[in-house]
Amino acid sequence: MILIADSGSTKTDWELLSTSGNYSFQTMGINPFYMTDEEIRAELINNVVPQLKNMPDILYFYGAGLVKEQKLRMEQILSESFQNIHTEAEGDLLAAARALCGNKRGIACIMGTGANSCLYDGEKIIDNIPPLGFIQGDEGSGAVLGKKLITMYLKRELPENIAGDFHDEFGLDTADILKKVYKEAFPNRFLANFAKFINKHLENELIYRMVYDSFKEFLTRNVFKYTNYKELDIHFVGSVAFYFKDVLIKIADEDGLKIGRIIKSPMDGLIKFHSQ
């Protein structure tokens, strides 16, 4: 049996593959950049292991931003939490590439709570422009869109009706927002939660332009840096890409890009990849 985990900052999707049928469930996001070893171990032992009907033989864990030291650290924690099984930890970027491109060459992009991209040769990632997180980068991500929205709200740049809707829906003042962004855990999750509100008001010219410019910036600062990017299929995974796909497609048409798949979650693609 194979257990696959696709973990972002917000949630983790789990899929247990067996000959008798697949079993799926969901837990909170596991991000080693924001969580201690003890917190991760407790989440696995208390909320994941009890949901498994049978223990797997192999666990493939894909996590947000897992590279080098963090991969080794995560594999150690997994081995301690799931004893006597083979465990592998990889970054969510490889998960996206495998789910979107399979065994074909292409450009795989993540646009969810965070954002990232890579050039994939059909087996491995051969180039990656560093995303840098929502403070310095992550252009086009839910966190960055949320950051832009609340800045416009607090600076009184939103149209009066949208500002009123924001106040009625969230009831947040300046002190509340600053506390959640600078003092509390997972500010990226907090900011990304405003993506649904942005989508609801996408018909507004100012809001649309904000989204359009953010996506354009993502492509310009990341995708356009890859060799022969106009000759390759550019794929996207993540809730932001999925729900704002019309904006992405419009920009792609204007720039002569080849858009491939745009999916909400990589899990179906990962199931297909590992089933092979």
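A short reminder: the numbers here are calculations on the coordinates, not readings from a lab. No experiment lies behind these values; they were computed from the predicted model shown. Reconstructed Cβ throughout: ideal geometry from the backbone, glycine too, with neighbour counts over all protein chains shown.
Worth a mention:
- Entries of Lys148/Lys216; Lys216/Lys250; Lys225/Lys245; Lys104/Lys124; Lys147/Lys250 with Cα pairs more than 18 Å apart: Lys225/Lys245; Lys147/Lys250
- Extension gain for Lys200 to Asp233 (0.36 nm times residue separation, less C-alpha to C-alpha distance): 9.0 nm.
- Separation of the Asn193 and Thr220 label points, Cα + 7 Å toward Cβ, nm: 3.2
- Length-normalised contact order of the chain in % [C-alpha pairs under 8 Å, at least 6 apart]: 18
- Sorted by Cβ neighbour density within 10 Å, fewest at the top, the residues Phe273, Phe170, Phe244: Phe170, Phe273, Phe244
- Of all complete DSSP H helices in the chain, not one has a Cα span along the helix axis of 24 Å or greater and a mean Kyte-Doolittle hydropathy of -1.0 or more.
- Placing dummy labels 7 Å off each Cα toward the beta-carbon, the span from Met28 to Glu254 is 4.0 nm.
- For the chain, calculated [θ]222 nm from helices alone, where every DSSP H run of n ≥ 4 adds -39500 (n - 2.57): -12500 deg cm²/dmol
- Taken about its Cα centre, the chain carries a charge dipole of about 280 debye when Lys and Arg each add +1 at the Cβ and Asp and Glu each add -1 at the Cβ.
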